[in-house]
Structure formats: C-alpha cells, structure tokens
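*Asks:* Sharing a structure here in structure tokens format.
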Amino acid sequence: MTQNLFVPGALALAFALALAQPAWAQAKHLSAQINPDWDKTFPKSSKVEHRKVSFKNRYGIKLAADLYLPSNHGTQRHGALVVDGPFGSVKEQASGFYAQNMAERGYIAVAFDRSYTGESGGEPRNVASPEINTDDVSAAVDYLGLLPNVDPRRIGVIGICGGGGFSLNAAAVDTRIKAVATTSMYDISRLIAKGYYDKLSTEARYQMLTHINQQRWVDAEQGQPSAGPSFLPDNIDGVTDPVVRMYFDYYRTPRGFHKRSPNSSQAFTATMPLSFMNTPMLTYISDISPRPILLIAGDNAHSRYFSEDAYKAAAEPKELLIVRDAIHTDLYDRTDKIPFDAITSFFGKHLK
C-alpha cells in the first residue's frame with residue numbers, strides 16, 4: 001500500500017482505495033483456541049492471579065478472556081472492571097496491561113478478545129461490528145457479575161482507543177455498568193463514516209461505498225471474504241506521517257507486536273467498514289447519566305477531539321482529564337503517562 005493512504009484524514013478512505021489493488025492475501029486464519037501460556041506484551045505481575053477464561057455474548061459467540069485478580073482477593077466481594085482495548089488489538093496488548101494494573105489496585109478485571117478476533121470465536125475471522133462489539137462489553141459484564149467474589153452492583157468499564165467508543169456505547173444501554181472511563185478514545189463509527197476530523201467528503205464517501213459494495217460481489221463469487229488493506233505498511237522507510245509512525249512503533253515493534261492482533265500482522269475483511277458507515281455509536285451518550293464518565297486523552301494526541309466532543313455531548317457527572325506531554329499511544333502502555341492513580345480514584349469513588 002502506498003504511503004499517501006495514511007495521511008491524517010484519509011484512514012477511512014484507505015479501506016476503499018485499497019480495493020482497487022489487483023490482489024490481496026486472504027486474512028490469515030488463526031484458530032480460535034485459547035493458548036494456556038503467558039504470551040502478553042507485558043511482564044506478568046507477582047501481585048496478581050491470572051486465569052484464562054471464556055464466556056458467550058448475546059449472539060452465541062464464545063469470547064476468550066484473561067481474568068486478573070488481586071493475589072489476596074480472598075472470599076470477599078470486590079468491585080470489578082471490564083477492559084476493552086484498542087480497535088484491532090488483542091487482550092495480550094493494552095487491555096490486558098490495564099486489567100493487570102487495576103488488579104494490582106484491588107479490582108477483579110477482565111480483558112477480552114472481541115468477536116471474530118484473537119482467540120475468540122466467530123466466522124469469518126477479523127470482522128468488526130458496532131452492534132456485536134458493543135455487546136461484547138456487556139457480555140463481559142454478564143461474566144463478571146456472576147462470579148462469587150464480584151459485587152454485581154460495583155462493575156465499571158475501561159475503554160482504550162476504539163474500545164472507548166464501544167464502552168461508552170455499551171454503558172448508554174447497559175445500566176449495570178456503574179461507571180466508565182476511557183483513554184485515548186476513538187469513535188470508530190465516526191472515524192470510518194467521516195474520516196479524521198470529519199473531513200471525508202460526500203464524493204469520497206460515495207466512492208468508498210461503491211468500491212466496498214463491488215467487493216461484496218467478489219466475495220460472494222469466491223465464497224469467502226477477502227482481506228482489506230493492512231492498517232500499517234510493512235516498514236516506515238520514507239514515511240513521514242507522525243500518526244503512522246506512532247502506530248508502527250506500537251503494533252509492529254517488540255513494544256506491542258502480537259501475532260493475533262489484526263493491527264500487528266493481519267487485516268480486517270475488506271467489507272468491514274460497511275456496518276460502521278451508517279450506525280453512529282455515541283448518539284445516546286447522554287443516557288449514561290447519572291452514572292459518571294471519565295474521559296482521558298493526551299494533550300498532543302491526534303485523537304484528542306474524540307474525547308473532547310464526547311465530553312461536550314455527555315451529561316453530568318463527567319470529567320475530562322488531559323495528560324500533559326502525551327500522544328495517543330502513550331496511554332496504551334506507558335506507566336509514566338497513564339494516570340492510573342486518577343483512574344483508581346475515579347472508580348474508588350463511584351464503585352463503592
């Protein structure tokens with residue numbers, strides 16, 4: 001894929017323009033079987049008990065997850081957190097990192113692979129859906145609320161990047177979620193439908209839809225979906241776009257690379273954007289009130305406007321925390337940037 005597809009404002013259009021390429025490789029199928037080994041992008045904490053678990057969402061899809069418990073959790077009931085990670089990531093990356101850190105702070109936390117990705121079930125592989133991925137969050141709430149050592153009245157959600165949008169969308173309809181915090185939040189439906197900074201023109205949007213729907217005939221004829229464009233180039237030689245370089249530094253280097261992550265080594269299906277194009281996710285964000293929202297973004301993050309706009313649209317109680325000298329992916333795994341103390345204080349106050 002050529003470099004010009006990655007300039008800010010053109011990520012959504014990249015899905016469509018890549019359709020004009022003469023050939024793609026089919027998305028690599030990694031069987032949805034749970035690996036019992038520790039294969040995270042972060043070290044295992046001695047202060048936390050870790051378990052591999054699974055549960056089903058409302059659509060009958062089996063989700064693979066990692067459960068993190070304080071090592072001294074005992075038999076008393078704890079507050080619990082669902083952690084939903086960046087779009088195109090897996091639980092071995094940022095969401096697991098957050099879940100383990102919050103378990104160190106006394107919470108029972110679960111990080112999961114979304115439907116059709118990672119070790120979770122669902123065919124075809126590497127599909128995304130605003131409806132199903134929102135329900136994945138509530139499915140994790142289902143699971144936590146039935147654990148004997150979780151107080152079902154004290155369940156919150158942390159959403160990172162694209163998981164922030166899904167988490168807010170879930171909280172708007174799932175009243176069991178008592179508080180929600182997001183970091184580097186992306187509204188994926190807005191991004192795909194309108195492009196970065198809402199600069200996708202009507203003409204470009206129509207072109208994108210036309211290309212994708214032509215691809216549906218190709219997929220129907222061959223009997224299986226084709227892979228869409230890779231999120232990132234194979235290397236960044238000559239790439240000057242800071243957003244591309246930022247994501248490459250996380251997903252394609254030892255810092256955050258994971259073989260099951262669509263962003264690291266695979267790709268979503270070519271027709272994936274369709275359901276996001278006319279399904280705006282945060283329409284009812286104000287319905288989360290009177291349950292509290294904490295929105296966290298880096299002051300130098302290209303995505304900061306998503307959190308600021310969500311803050312404006314949300315009803316009280318709400319907080320907006322801007323992290324000084326931080327870019328978008330700093331809030332994935334940088335312990336010197338992620339305000340874990342503020343997040344712990346927020347849930348400590350609202351998950352009593």
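The values are calculated or read from the model by the stated rules, or taken from the named source; none is laboratory data. Note that the structure is predicted; figures quoted are calculated from it, not measured. A quick note on method: Cβ atoms are made from the backbone with ideal geometry, for glycine too, and the neighbour counts reach across all protein chains shown. To get the accessible areas, we keep the full protein, side chains included, count just its heavy atoms, and leave off ligands, DNA and RNA. Shrake-Rupley method; radii C 1.70, N 1.55, O 1.52, S 1.80 Å.
*Asks:* Tell me, Kirkwood radius of the chain from alpha-carbon pair distances, in Å?
*Replies:* When all Cα pairs of the chain are included, the Kirkwood radius is 20.2 Å.
*Asks:* Here's a follow-up. In nm, what is the difference between 0.36 nm times the number of residues separating R153 and V239 and their Cα-Cα distance?
*Replies:* Extra length from R153 to V239 when fully extended: 26.1 nm.
*Asks:* Name the residues whose placed amide hydrogens come within less than 5 Å of the amide hydrogen of V150, ignoring near sequence neighbours (fewer than 5 apart) on the same chain.
*Replies:* Hits under the 5 Å cutoff: H78.
*Asks:* If R₀ is 56 angstrom, what is the calculated FRET efficiency for the pair N72 and N278, using the beta carbon separation as r and rounding to 0.05?
*Replies:* For N72 and N278, the calculated efficiency is 0.70.
*Asks:* Sticking with this structure for a sec: Express as a percent, rounded to the nearest 5, the fraction of DSSP beta bridges in the chain (both residues included) that run antiparallel.
*Replies:* If I count the DSSP bridges inside the chain, around 35 percent turn out antiparallel.
*Asks:* Per residue of the chain, what 222 nm ellipticity follows from adding -39500 (n - 2.57) for every DSSP H run with n ≥ 4, rounded to the nearest 500?
*Replies:* -9500 deg cm²/dmol
*Asks:* Quick check for me: using +1 on Lys/Arg Cβ and -1 on Asp/Glu Cβ, what's the dipole size of the stretch 195-252 about its Cα centre, in debye to the nearest 20?
*Replies:* Here the size comes out at about 140 debye.
*Asks:* Quick one: dipole size for the chain, taken about the Cα centre, charges +1 on Lys/Arg Cβ and -1 on Asp/Glu Cβ, in debye to the nearest 20.
*Replies:* Magnitude of the dipole: close to 700 debye.
*Asks:* Ok, one more. Residue by residue through the stretch 179-191, what is 3J(HN,Hα) from phi via Karplus (6.51 cos²θ - 1.76 cosθ + 1.60, θ = phi - 60°)? Round to whole Hz and write x for glycine and proline.
*Replies:* 6, 9, 10, 10, 10, 6, 5, 10, 8, 4, 5, 5, 4
*Asks:* Starting from the eigenvalues of the Cα gyration tensor, five times each then square-rooted, give me the equivalent ellipsoid semi-axes of the stretch 29-171, largest first, whole Å.
*Replies:* 22, 17, 13
*Asks:* Any idea what the relative contact order of the stretch 180-335 is, in percent, if you count C-alpha pairs under 8 Å spaced at least 6 apart?
*Replies:* 31 percent
*Asks:* Determine ³J(HN,Hα), in whole Hz, for all residues of the stretch 97-107 in sequence, where each value follows from phi through the Karplus function 6.51 cos²θ - 1.76 cosθ + 1.60 and θ = phi - 60°; x replaces Gly and Pro.
*Replies:* Taking θ as phi minus 60°, the curve returns 4, 5, 4, 5, 5, 6, 5, 4, 9, x, 9 Hz for the stretch 97-107.
*Asks:* When only Cα pairs under 8 Å and 6 or more residues apart are kept, what is the percent relative contact order across the chain?
*Replies:* That works out to 20 percent.
*Asks:* Another question, then. Which percent of the accessible area of the chain is formed by carbon and sulfur heavy atoms (probe 1.4 angstrom)?
*Replies:* About 51 percent, which is the carbon plus sulfur part of the accessible surface.
*Asks:* Please give the per residue accessible area of the chain, computed with a probe of 1.4 Å over protein heavy atoms only, in Å².
*Replies:* 41 Å²
*Asks:* Another question, if that's okay. For the stretch 311-320, take each phi angle, set θ = phi - 60°, evaluate the Karplus expression 6.51 cos²θ - 1.76 cosθ + 1.60, and give the result in whole Hz per residue in order, putting x for glycine and proline.
*Replies:* 4, 5, 7, 6, 9, 5, x, 8, 9, 10
*Asks:* What is the set of long-range amide H partners of F55 at a cut-off below 5 Å, with H atoms built 1.01 Å from backbone N?
*Replies:* Long-range HN contacts for F55: L63.
*Asks:* Label points 7 Å out from Cα along the Cβ direction at S54 and T335: separation in nm?
*Replies:* 3.2 nm
*Asks:* Want the number for K349 to S265: 0.36 nm per residue separation, take away the alpha-carbon distance, what's left?
*Replies:* Stretched fully, the K349-S265 segment lengthens by 26.3 nm.
*Asks:* May I pose another question? Efficiency by 1/(1 + (r/R0)^6): what FRET value for D299 and K199, r their Cβ-Cβ distance, R0 = 30 Å, to the nearest 0.05?
*Replies:* Efficiency computed from Cβ-Cβ geometry: 0.85.
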